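What follows is calculated from the coordinates using simple rules that are stated; it is not laboratory data. A quick note: this is a predicted structure, and the numbers were derived from the prediction, not measured. Neighbour counts run over all protein chains shown; Cβ positions are idealised from the backbone, glycine included.
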Amino acid sequence: MLLHGPNLNLLGEREPEVYGTDTLDDHVGFARDVAERHDLRIEAHQSNHEGQLIDHIHHARGRCDAIVINPGAFTHYAWAIHDALAAFEGPIVEVHISNPNAREPWRHTSVIAPVATGSIMGFGQQGYELAMAAVAAKLA
Ligand code: CA2
């Protein structure tokens, strides 16, 4: 399952210097192509609502092999997403298009990282490619 959090539906519309010009559909399409090369299929969701993301995570349990998640700004304070991910049994990869550690101090904390198998940040769209390769390697 590939999950995107709040405001990521606006990618490509603002702040191209931080997030590039690709839209969310571009990133998801790219991730799908890469996943197929690893013999993986993607179910993708984006939501601006914490509870809806949590519902998606619950629905992934027992059904999806791995979760790749860009939680948007929920990364920095959404402990309920942390708890939901902690109840997921497979690999979890946290992805960020920008490098939050190189930005404002409030972005330096991730409450997702402690329950992720690993985190990939700062590589733009390539982060999704790295995430799919990491999932494939973990599942192999
Ligand atoms: O770098 C990332 O992928 C982030 O998860 C993006 C989040 C940000 O809060 C995280 O700290 C890092 C925010 C995405 C907001 O994206 C927009 C794109 C265009 C217009 C408005 C917002």
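From the alpha carbon centroid of the stretch 78-108 to that of the stretch 1-74 is 13 Å. In a reduced charge model with +1 at each Lys and Arg Cβ and -1 at each Asp and Glu Cβ, the stretch 59-140 shows a dipole moment near 40 debye about its Cα centre. DSSP beta bridges in the chain, what fraction antiparallel, as a percent rounded to 5? Bridges in the chain that DSSP calls antiparallel: roughly 0 percent.
Legend: Rg and Dmax of the chain, from Cα coordinates, 13.7, 39 Å.
Evaluated at q = 0.14 Å⁻¹, a Debye calculation over the C-alpha positions of the stretch 76-123 (equal weights, vacuum) places log10 I(q)/I(0) at -0.34.
Shape class of the stretch 42-118 from the Cα gyration tensor (axes a ≥ b ≥ c, square roots of the eigenvalues): prolate, since a/c reaches 1.5 or more and a/b is larger than b/c. Here is how the number arises for the chain: DSSP H runs of 4 or more residues each give -39500 (n - 2.57), the sum is divided by the residue count, and the result at 222 nm is -11000 deg cm²/dmol. Basic side chains Lys and Arg get +1 at the Cβ, acidic Asp and Glu get -1 at the Cβ, and with that the dipole of the chain about its Cα centre reaches some 280 debye.
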